[in-house]
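Only one structure is covered here, and it is reproduced in the block below.
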Amino acid sequence: MSYFIPPVNYGMIEEDLYRSGQPNELNFPFLERLNLRTIIYLALEEPNPQFQSFVEEQEIQLVFLGGNTRMESRRKAWEPLSEETVLAALDILL
């Protein structure tokens, strides 16, 4: 029997648009079923190697915005995203 476990804080925003916390290996079968094309990664740290391998195997475009800008590189984990990062994410979505 297979189990499909969503990532922490997973939610559907609208059809074909989802949000979640950092997925781990237990979540990969669940994510495969979503047929994702792009993941916008907003965490400060680089994605872990297992997640990067999963994304490559599934041919998902991974866009890492969390630590790419000067503002984000100085941000603490508990602080909100910068306006620049939010606008960059929206630009990708729209």
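We did not get these values from a lab; they are worked out from the coordinates using the rules stated. What you see is a predicted model, and the numbers here were worked out from it, not measured in a lab. Reconstructed Cβ throughout: ideal geometry from the backbone, glycine too, with neighbour counts over all protein chains shown.
Assorted remarks:
- Ordered by the count of other Cβ atoms within 10 Å of each Cβ, fewest first, L62, L93 give L93, L62.
- Charge dipole of segment 11-93 (Cα centre as origin; +1 on each Lys and Arg Cβ, -1 on each Asp and Glu Cβ, all else neutral): 300 debye, rounded to the nearest 20.
- Simple spin-label estimate for I13 and E32 gives 2.6 nm between the two label positions (7 Å along the Cα-to-Cβ direction from each Cα).
- Extension gain for F64 to E45 (0.36 nm times residue separation, less C-alpha to C-alpha distance): 5.9 nm.
- If the chain linking K76 and N24 were pulled fully straight, counting 0.36 nm for each residue of separation and taking away their Cα-Cα distance, it would gain 16.5 nm.
- In the chain, the longest principal axis of the Cα atoms and the axis of helix 83-93 are about 40 degrees apart.
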